[in-house]
Amino acid sequence: MTDLTGKHIVLGLTGGIACYKSAELCRGLVKEGATVQVVMTEAAEQFITAVTMQALSGRPVYTSQWDAREPNGMPHINLSREADAILIAPCSADFLARLVQGRADELLSLLCLARPAERVPLLIAPAMNREMWAHPATQRNMAQCAADGARILGVGTGSQACGETGDGRMLEPEQLLEDVIASFQPKALAGRRVLVTAGPTFEALDPVRGITNLSSGKMGFSIARAAHEAGAQVMLVAGPVSLATPRGVRRVDVKSARQMLEATLGGVPAADVFIATAAVADWRPAEEARHKIKKDGSGEVPHVRFTENPDILATVARHERAKSGALYCVGFAAESHDLVSNAQAKRARKGVPLIVGNIGPATFGQDDNQLLLVDERGVQELPRASKLVLARQLVAEIARRIGA
Ligand code: C5P
């Protein structure tokens, strides 16, 4: 099962140089299991050929409402009724204006107008020059389009094909793919605010060395993504990892446990759920040397003294917001043996309602995992699956427990 298995997407292309990215987007949608029906405006055909899009989607492209292939002569009805979602990428300034006006003189705007709005979401990925994007007419049209029920996915910032730099680039194909996948996830945490810690911490010994661990951050990043997909506002406090920030998630980068605690406490007053997935170093060097500790050739080795790090989860669990029941705290337990009894003991020790157990060496750095949910009612297993699939299941379980 991939994320878009069984979904049928109408991918609409309008006039813009970003059409070259739509080829990659089409591949991505197909790779995730979707069937893709490409519809192109006349302007889009100036930028990329229908042959390319047909080859990538495996289906003939529609370009005209007069297409004689449809027995009833109504491609706008047939195409919009078959779709699970319509994605316009790129959406030009002109096409946005056409949507706002409800124009119906060419196939793509016609089928957008004809879509059953309560069942088929319309997702818009604008792409244009920065001045066109910033123009009040475009901003007005965008707001009106959103008010009419479309979802504007936003634009990227950076250098543009015209040589200028600013807002208005089309989002990258992988970002759009993430948004399309998210649009199909149940909104179990709509309106909730979720705070997540992820990754390892780095405890400095001197300016170039330190103590860290092999946590990849993948589980925590997957949870942040899953919570956002479920409709939550998400703040992710991340230790040093080189993972891309999930779409729509606010990320705060930290290094040490103390920085992680500070950033986390900053998010607590506005959070409804706290999920501590970070592999926080238990100890840090008691002193951080100002300069690199040198080997002087005498054969003497440095002696490092350690001091205990704050326990972020236990600290948050003692916060009045958690005590009053406004903040639901979830901890992780990475154990090498006796998972259930260790997780149960940890639940009591940390004072949190839910502990998620996993076998440390079997999860660190892996793309899949296996979880054990331990709460006051007992133990529930989430069988081996990708970390993202498990994260979605965990988010659904948390939503159930907080009655969302
Ligand atoms: O005590 P232990 O490290 O086994 O507990 C693991 C859980 O506690 C994880 O959820 C981890 O993110 C959290 N933790 C923490 N701060 C620490 C140590 C662990 O938040 N200093």
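Read-outs throughout are calculated quantities, based only on the coordinates presented, and are distinct from any laboratory measurement. Source: prediction; values computed, not measured. Counting neighbours? That spans all protein chains shown, and the Cβs are built from the backbone with ideal geometry, glycine included.
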Note on the range 8-183: the mean projected area of its alpha-carbon convex hull, in nm², is 9.1
Tilt, helix 173-183 to longest principal axis of the chain (alpha-carbon atoms), in degrees rounded to tens, equals 90
Dimensionless Rg/Rh of the range 279-335, both radii on Cα and Rh by Kirkwood, sits at 1.24
When the charge dipole of the chain is computed with +1 at the Cβ of Lys and Arg and -1 at the Cβ of Asp and Glu, the Cα pointing farthest to the positive end, of 307, 196, 259, is that of 307
Length gained, residue 368-residue 24, 0.36 nm per residue minus C-alpha separation, equals 121.2 nm
For the range 114-212, the Cα gyration tensor yields equivalent-ellipsoid semi-axes (√(5λ), largest first, whole Å) of 35, 24, 12
A convex hull over the alpha carbons of the chain yields, per residue, a volume in Å³ of 187
Taking the alpha-carbon centre of each part, the distance from the range 260-297 to the range 1-58 in Å is 45
In nanometres, the difference between 0.36 nm per residue of separation and the alpha-carbon distance of residue 345 and residue 400 is 17.5 nm
Residues whose built amide H sits under 5 Å from the amide H of residue 283, excluding neighbours closer than 5 in sequence, are 309
Taking r as the C-beta separation of residue 32 and residue 208 and R0 as 41 Å, the FRET efficiency to the nearest 0.05 is 0.45
Given unit charges at Cβ for Lys, Arg (+) and Asp, Glu (-), the dipole magnitude of the range 193-402 about its Cα centre in debye, nearest 20, is 440
Tilt, helix 218-229 to longest principal axis of the chain (alpha-carbon atoms), in degrees rounded to tens, equals 40
Calc'd 3J(HN,Hα), the range 42-53, phi into Karplus 6.51 cos²θ - 1.76 cosθ + 1.60 (θ = phi - 60°), Hz, glycine/Pro = x, comes to 4, 5, 4, 5, 6, 9, 8, 8, 5, 4, 4, 5
Here, residue 337 and residue 165, labelled 7 Å along Cα→Cβ, have an inter-label distance in nm of 5.7
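Where in the range 26-113 are there chymotrypsin sites (Phe, Trp or Tyr not before Pro) that are in a DSSP coil and have at most 11 other Cβ atoms within 10 angstrom of their Cβ?
66
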Of the residues 185, 124, 158, the Cα lying farthest along the dipole of the chain towards its positive end, which is defined by charges on the beta carbon of Lys, Arg, Asp and Glu, belongs to 185
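Counting each DSSP H run of 4 or more residues in the chain as -39500 (n - 2.57), what helix-only mean residue ellipticity at 222 nm follows after dividing by all residues, to the nearest 500 deg cm²/dmol?
On the way: 15 runs with 138 residues, N = 404.
Taken over the chain, the calculation gives -9500 deg cm²/dmol.
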Sparse-neighbourhood loop hits (GluC sites (Glu not before Pro), the range 314-404; DSSP loop; Cβ within 10 Å at most 10 others) -> 376
Computed for the range 8-183: size of charge dipole around the Cα centre, +1 on C-beta of each Lys and Arg, -1 on C-beta of each Asp and Glu, debye to nearest 20, value 160
With DSSP loop assignment and no more than 10 other C-beta atoms within 10 Å, the GluC sites (Glu not before Pro) in the range 65-168 are 118
Rounded to the nearest 10, the angle in degrees between the Cα long axis of helix 339-350 and the longest principal axis of the Cα atoms of the chain comes to 80
Here, residue 66 and residue 293, labelled 7 Å along Cα→Cβ, have an inter-label distance in nm of 8.1
Using alpha carbon positions and the Kirkwood radius, the Rg to Rh ratio of the range 193-402 is 1.00
